[in-house]
Amino acid sequence: MNHTTFRAIALPALLTLAFCASPARAEGAASSAPAPKAQPAAAAARNRFDRVEQRIRKLHQELHITAAEAGPWHAFAQTIRANAERMEQAFGERARKLPTMNAEQAMQSYTGLAQLHARNMDKLSDAFGKLYTVLSPAQKHQADVLFRNARPRRKR
């Protein structure tokens, strides 16, 4: 896979990961929180899934997906949702176990999260590749622009 294609696929996946579950949230949820905190955690998870749905709708609109492209688009969108769900579950599981983990287990849990992310990226890449092949040249150009992630970088 060339660098441009990787970046085109990586952006939605990274957005999904960022929207779905952040390490800070997982660490914070690991403390033995009283029952009233469960509702804000559920609301936060709902908010992350809402952002994933917003991103899916925005991509659909920006790529001008047609009825003829509905099948591959649906598969791509479902992959984003499934990836988000898997990451949410994995971060939640890690948060529940973190209070009893030793340092080695905590490090291994991060390895597990990275491996899950890599598997999710493979699935997303496959789904996006199938969608990309049915896009018109104009849509492909739009996707290339959208997924290049060419934002100005801050000087350090």
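The values are calculated or read from the model by the stated rules, or taken from the named source; none is laboratory data. None of these values were measured; they are calculated from a predicted model. Cβ atoms come from the backbone with ideal geometry, glycine included; neighbour counts cover every protein chain shown.
For this structure, a couple of remarks:
- Number of positions in the stretch 143-156 that are surrounded by 10 or more Cβ atoms within 10 Å (Cβ to Cβ), of a type outside the set (A, V, I, L, M, F, W, C) and at pLDDT below 90: 2
- Residue that is nearest to the chain's Cα centre (by Cα), among those in the stretch 80-108 that are more than 28 Å from residue 55 (Cα to Cα) and polar (S, T, N, Q): 108
- Test: residue in the stretch 37-60 that is touching a residue at least 60 places away in the same chain (Cβ under 8 Å) and β-branched (Val, Ile, Thr): no
- Any pair with Cβ under 7 angstrom, 6 or more apart, that starts in the stretch 117-141 at a residue that is farther than 13 Å from residue 69 by Cα and part of a helix (DSSP H, G or I) and ends at one that is modelled with pLDDT under 95 and not aliphatic (A, V, I, L, M): 124/12
- Residues that are at pLDDT 95 or above, within 19 Å of residue 122 (Cα to Cα) and of a type in the set (Ser, Thr, Tyr), drawn from the stretch 76-112: 79, 111
- The residue list 67, 75, 82 contains one member that is without any contact (Cβ under 8 Å) to a residue 12 or more places away in the chain and aliphatic (A, V, I, L, M), which is 67.
- Restricting attention to the stretch 121-142, the residues that are under 10 Å from residue 72 (Cα atoms), surrounded by fewer than 18 Cβ atoms within 10 Å (Cβ to Cβ) and among the small types (Gly, Ala, Ser) add up to 1.
- If you go through the stretch 65-113 and pick out every residue that is part of a helix (DSSP H, G or I) and β-branched (Val, Ile, Thr), you end up with 4.
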